[in-house]
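Working notes, structure below.
The values are calculated or read from the model by the stated rules, or taken from the named source; none is laboratory data. Quantities reported herein were computed from a predicted structural model and do not represent experimental measurements. Every residue, glycine as well, gets a Cβ built from its backbone with ideal geometry; the counts of neighbours run over all protein chains shown. Ligands, DNA and RNA are stripped out before the accessible areas are found, and what is left, the full protein with its side chains, is counted by its heavy atoms. Shrake-Rupley method; radii C 1.70, N 1.55, O 1.52, S 1.80 Å.
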Amino acid sequence: MHIQLYCVYIYTVKEKTNIEFKNSLGPWFGRTMKVIDEKIEEILSENHIDLSKMQFIILKNIEEKDGIYQNELALFSKRNKSTLTRMINTLIKKGYISRYPSKKDKRKNHIYLTPSGKKIIHKATPHFHLIALLVEKNLTKEEIEMTKNIFKKIQTNITGSVVGPMI
């Protein structure tokens, strides 16, 4: 079995080695995400919304499960604990969330939205909907579904499973 898989791997690698990275999908994904991220920053800045894309995603996850454990939030956001802690500290300083130790387990922290956090989500959400519309502009429903399926295949190729969106 291992020899058979190894042979398939060698055959596949040899077949694909003629592809230059610059002509592969990788740079297209990277550049496309960069363009989308720049547009998000532009739209949020123009509308005086003091959030990054990742901060918005974190707030949306907290909104869906107010009181979420900080460790659970790290799993959803695919951020390591120290990076997430810095982001949470920033959101606390902005007044968008609060953090309280668990009464059951003092090592765990619950994260809650504040009224200001709810307000900023309400203000930012229509702009993220606009960005989603821009991304899907001129694409048919079939093309959108096909693209999602391609992304799922690529995720499976890389990780062995489908990760899915963070929101």
Note to self: In whole percent, and with a 1.4 Å probe on the protein chains, what portion of the accessible area of the chain is carbon and sulfur?
What the structure shows: 59 percent
Checklist line | In nm, spacing of pseudo-spin labels at Tyr69 and Lys53 (7 Å Cα→C-beta vector) | finding: 3.0 nm
Note to self: Straight-line reach only, C-alpha to C-alpha below 13 angstrom: list the aspartates and glutamates that Lys108 could link to, leaving out same-chain residues fewer than 8 apart.
What the structure shows: Glu72
Check: Given N residues in the chain, what is Rg(Cα) / (2.2 N^0.38 Å)?
Finding: 1.31
Checklist line | Charge context of Pro115, other residues only, Cβ under 14 angstrom, K/R +1, D/E -1 | finding: +2
Notebook entry, point to check: Using modelled backbone amide H atoms (1.01 Å from N, in-plane), which distant-in-sequence or interchain residues come within less than 5 Å of Asn109's amide H?
Noted result: Gln70, Asn71, Ser102
Next item on the list: Give the accessible surface of region 123-162 per residue, rounded to a whole number of Å², with probe radius 1.4 Å and ligands, DNA and RNA excluded.
Entry: 80 Å²
Checklist line | Under 5 Å, built H, 5+ apart or other chain: amide partners of Thr114 | finding: Ile97, Ser98
Item checked: the chain: calculated mean residue ellipticity at 222 nm from DSSP helix runs of at least 4, using -39500 (n - 2.57) -> -22000 deg cm²/dmol
Next item on the list: Distance check, please: which entries in Lys53/Lys104; Lys39/Lys123; Lys65/Lys123 exceed 28 angstrom between their Cα atoms?
Entry: Lys53/Lys104
Next item on the list: Pick out, from Leu139, Ser98, Asn149, the residue whose Cα sits farthest towards the positive end of the charge dipole of region 41-152, with +1 on the Cβ of Lys and Arg and -1 on the Cβ of Asp and Glu.
Entry: Ser98
Notebook entry, point to check: Relative to the longest principal axis of the chain, what angle (0 to 90°, nearest 10) does the C-alpha long axis of helix 81-93 take?
Noted result: 40 degrees
Checklist line | In region 110-167, the trypsin sites (Lys or Arg not before Pro) that fall in loop regions by DSSP, at most 15 other Cβ within 10 Å | finding: Lys137
Item checked: 3J(HN,Hα) from dihedral phi, region 45-59, Karplus parametrisation 6.51/-1.76/1.60, rounded to Hz, x for glycine, proline -> 5, 4, 9, 6, 10, 8, 9, 9, 4, 5, 4, 4, 4, 4, 4
Notebook entry, point to check: Going from most exposed to least, what order do Arg79, Arg86, Arg107 have by accessible area with a 1.4 Å probe?
Noted result: Arg107, Arg86, Arg79
